[in-house]
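Only one structure is covered here, and it is reproduced in the block below.
Just so you know, all these numbers are worked out from the coordinates, no wet-lab data involved. Quantities reported herein were computed from a predicted structural model and do not represent experimental measurements. Cβ placement follows ideal geometry from the backbone for every residue including glycine, while neighbour counts extend to all protein chains displayed.
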Amino acid sequence: MNGGKFVKLYELTVSQLSSLLKKKEINAVELTRTVLDRIVEAEPVLDCYINIIEEQAVERAEKVQKMMDAGELYSPLAGIPMAVKDNICTEGIPTTCASKMLQDFVPPYNAAVMQKLYNNGAILLGKLNMDEFAMGSSTENSYFKKTKNPWNHDRVPGGSSGGCAAAVAAGEAIYSLGTDTGGSLRQPSALCGVTGFKPTYGSVSRFGLIGYASSFDQIGPVAKDVTDSALVLNAIAGHDSQDSTSAGIKYPDYTESLVNNVKNMKIGIPSEYMRNNTSEDVRKAVSEAIELFEKLGAKCEEFSLPIMEYVLPTYCIITFAEASSNLGRYDGVKYGHRAKDYKDLGELYKRTRDEGFGSEVKRRIILGTYVLSAGQYDKYYKKALQARRVICHELNRAFDKYDLIMGPTSPSTAFRFGTKVEDPAEMYKNDVLTMPANIAGLPAISVPCGFDGDSMPIGLQFIGKQFGESTLLRAAYTFEQNTDFHKNKPVIKPVI
Amino acid sequence: MSFSKETIDYIAELSRIGLSEKEKEDMVAPVEKILACMDKLEELDTTNIEPMEHIVSAVNVFREDKVEKSYDRDIILANAPEHEDGCYSVPKIVE
């Protein structure tokens, strides 16, 4: 196959593996063992996982295989080994949020998405590394380890879902679930050359997701291609009474949107996405994508979205405010870390929170508390809520003219470790092209669209209308069917 | 805008985070940079714009008040750093 190159099972997609499983050419246990072997091989280099549950994965694979043999499980996800970001609660399996605060936390229940995946016969391999409490763009803020970019081990995988993207790119999981608050699954997907899909706010239950900024957070799949993204979304989307923001709409079969046709589709490219901090290589790759869409019959047009200037401050103010409130629960009483040395309750709180949180988390709590404090509330928080409405309005106006917005996912490719940690404001700018979708709750997807001069992957982003997943998937699928970027695999050199 | 050490002291107190002196000093520069970025919003005219509390048309969700399965006390307390006689344990609050 593939010019004599032997393709390994862990390199295949969900749809390919599912078909092999159904034809009984492979079985779930063998497949799970193969991916676990790949983890043993690649993990010493990449550090994608916080926790690997080898025995439980094999046990589950045995159980799932039996159910498949008995004709009790038909899902395309049945028997497929996968992993989730460590802010998604897994019953009986530690869920740390990559924080010292939750180092020993073992959830007594499964997140809604985890339960749904188990019901579909998914095989959980373990929990993936991330920036602490999903705050970061490089996964360098993890309390435990630094995940490396599979394409160049001196560079970051992006973040905060860095482990999710690196694991899928390296074949350490067939797909994963990440979360996206300002680009946290699309940006690492772009930087690691995989597909990251943030669905419309409210279409995937957040029950059991450890919150960062609840009006922005959304769970979504990180996968090897658009087809797999649709298959996973089919399993996890849907109304859930346990999440009061869950949308009560009629959920479609997302695979029906996998149509290779963009004729007459109107695509708007914000000129702000193509200038400012956007690197030359990224610009070139996206321009080539625009040409391809034109050739395929879509109508592409550049337009101005001046409100982009206000996206970063709006995002920072609201998400930090929500974070400061959400993280108030870590008090050293009910669960999580507790300081050893204190003389009263006040000191217990303060020491616990100082010891348990890392510096970026503390910075965001401090800033969030500040923008909500008496005297600052109107100037910052209320102002940002007003700006949020203006941004939503401007984006909706764009959708009066265009079916989709398209542009780069990230202004640059993966950067080297340590280059942006000193200047958080610079780090936040990495997510400025992904933030609008979270501010307005829109669906957005990142697909691989090229490589820069250093052979680092570049991501192309599509942003759709609320619940406009169908158009989004059609455009992304069409792009993928007419290009080969998603088929490239990084070479992981084992540690000697 | 300047974010003084006194402001950090006050906000750290509100946040119940016992930052060390060194942490407070290290925080000033990055926090000032981020605030400068946030201050950009002042330029945006938001006269008569209603603050946006919800991005999706949220309505109150009501349901019957019925008894449902909960968790065993032991399971919940298993995550507590300290517990005693089936309760969370904290330092004495009232003298």
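For the range B:56-89, the list of trypsin sites (Lys or Arg not before Pro) that fall in a loop by DSSP and count at most 10 other C-beta atoms within 10 angstrom reads B:Arg63, B:Lys66, B:Lys69. Counting only residues at least eight positions apart within a chain, or on another chain, the lysines with an alpha carbon under 18 Å from that of A:Lys198 are A:Lys85, A:Lys116, A:Lys224, A:Lys465. Inverting the pair-averaged 1/r between distinct Cα atoms of the range A:129-185 gives 10.8 Å as its Kirkwood hydrodynamic radius. The phi-based Karplus calculation (6.51 cos²θ - 1.76 cosθ + 1.60; θ = phi - 60°) puts the 3J(HN,Hα) values of the range A:151-163 at 7, 6, 6, 8, 10, 6, x, x, x, 7, 7, x, x Hz, whole numbers, x for Gly and Pro. Pairs of Cα atoms in the range A:253-407 fall into 10 Å distance bins, from 0 up to the last occupied one, in shares of 10, 24, 23, 20, 15, 7, 2, 0 percent. Over chain B, Cα pairs under 8 Å with separation of 6+ residues give a relative contact order of 18 percent.
Given a Förster radius of 45 Å and the C-beta distance between A:Glu291 and B:His54 as r, what FRET efficiency does 1/(1 + (r/R0)^6) yield to the nearest 0.05? Once the sixth-power term is evaluated, E becomes 0.70. In plain terms, the residue of B:His83, A:His239 with the fewest other Cβ atoms within 10 Å comes first and the most crowded comes last, giving A:His239, B:His83.
Looking at chain B as a GNM with Cα springs under 10 Å, which of B:Ser20, B:Ser57, B:Ser70 has the largest mean-square fluctuation? The residue that fluctuates most here is B:Ser70. Taking amide hydrogens as placed 1.01 Å from N in the peptide plane, the amide H of A:Gly450 sits under 5 Å from those of A:Ile458, each at least 5 positions away in sequence or on another chain.
Converting phi to 3J(HN,Hα) with the Karplus coefficients 6.51, -1.76 and 1.60 and the offset θ = phi - 60°, the range A:7-13 yields 8, 7, 4, 5, 8, 7, 8 Hz in sequence order, with x at every glycine or proline. Sequence-ordered 3J(HN,Hα) estimates for the range A:351-361 from the Karplus curve with 6.51, -1.76 and 1.60 and θ = phi - 60° stand at 5, 4, 6, 5, 6, x, 9, x, 5, 5, 5 Hz, glycine and proline given as x. The convex hull defined by the C-alpha atoms of the range A:1-137 has an orientation-averaged projected area of 9.6 nm². So for the protein assembly as shown: antiparallel DSSP bridges make up what percent, rounded to the nearest 5? In the protein assembly as shown, DSSP labels about 70 percent of beta bridges as antiparallel. Note on A:Lys24: lysines with a C-alpha under 16 Å away, same-chain residues under 8 apart excluded, are A:Lys63, A:Lys66. Rounded to the nearest 20 debye, the dipole size of the protein assembly as shown about its Cα centre is 940 debye, using +1 on the Cβ of Lys and Arg and -1 on the Cβ of Asp and Glu. Average 1/r across all pairs of distinct alpha carbons in chain A, invert it, and you get the Kirkwood radius: 22.5 Å.
Applying the criteria of a DSSP loop state and at most 11 other Cβ atoms within 10 Å to the trypsin sites (Lys or Arg not before Pro) of the range A:295-398 yields A:Lys340, A:Lys343.
Qualifying trypsin sites (Lys or Arg not before Pro) in the range A:217-286, where qualification requires a DSSP coil assignment and no more than 13 other C-beta atoms within 10 Å, comprise A:Lys250, A:Lys263, A:Arg275.
Peptide packing for A:44-50, A:446-452, A:65-71, B:85-91 was compared via the average number of neighbouring C-beta atoms within 10 Å per residue; ordered from the highest value, the list is A:446-452, A:44-50, A:65-71, B:85-91.
Cross-link check: pairs A:Lys127/A:Lys362; A:Lys266/A:Lys420; A:Lys295/A:Lys420; A:Lys420/B:Lys5; A:Lys343/A:Lys429 evaluated at a Cα-Cα cut-off of 32 Å; pairs beyond the cut-off: A:Lys266/A:Lys420; A:Lys295/A:Lys420; A:Lys343/A:Lys429. Summing +1 for each Lys or Arg and -1 for each Asp or Glu, what net charge is found among the other residues whose Cβ lies under 11 Å from the Cβ of A:Gly208? Net charge in that neighbourhood comes out at -1.
Under a 5 Å amide H cut-off, with hydrogens placed 1.01 Å from N, A:Lys489 pairs with nothing among residues at least 5 apart or on other chains.
Using helices alone, what [θ] at 222 nm do you get for the protein assembly as shown, with -39,500 (n - 2.57) per DSSP H run of 4 or more residues, divided over all residues and rounded to the nearest 500? For the protein assembly as shown, the value works out to -11000 deg cm²/dmol. If you sort the three axes of the alpha carbon gyration tensor as a ≥ b ≥ c, you get a/c of 1.5 or more for the range A:1-67 and a/b no higher than b/c, which makes it oblate.
Toward the positive end of the charge dipole of the protein assembly as shown, with +1 on the Cβ of Lys and Arg and -1 on the Cβ of Asp and Glu, the farthest Cα among A:Val106, B:Ile93, A:Leu472 is that of A:Leu472. Listed by chain and number, the lysines whose C-alpha is less than 20 Å from the C-alpha of A:Lys379, apart from same-chain residues fewer than 8 away, are B:Lys33, B:Lys40. The amide H of A:Ser410, built 1.01 Å from its N in the peptide plane, has A:Gly459 as neighbours under 5 Å, considering only residues 5 or more places off or on other chains. Going by a ≥ b ≥ c, the root eigenvalues of the Cα gyration tensor, does the range A:403-496 fall in the rounded group (a/c under 1.5), the prolate group (a/b larger than b/c) or the oblate group? Judged from the Cα gyration tensor, the range A:403-496 comes out oblate (a/c at least 1.5, b/c at or above a/b).
Think of the range A:174-247 as a dipole: +1 on every Lys or Arg Cβ, -1 on every Asp or Glu Cβ, centred on the Cα centre; then among A:Gly182, A:Val232, A:Ala247, A:Gly182 lies furthest on the positive end. Starting from the Cα gyration tensor of chain B, take the square roots of the eigenvalues, sort them a ≥ b ≥ c, and report rounded, prolate or oblate (rounded when a/c is under 1.5, otherwise prolate if a/b is larger than b/c, else oblate). Note, shape of chain B comes out oblate.
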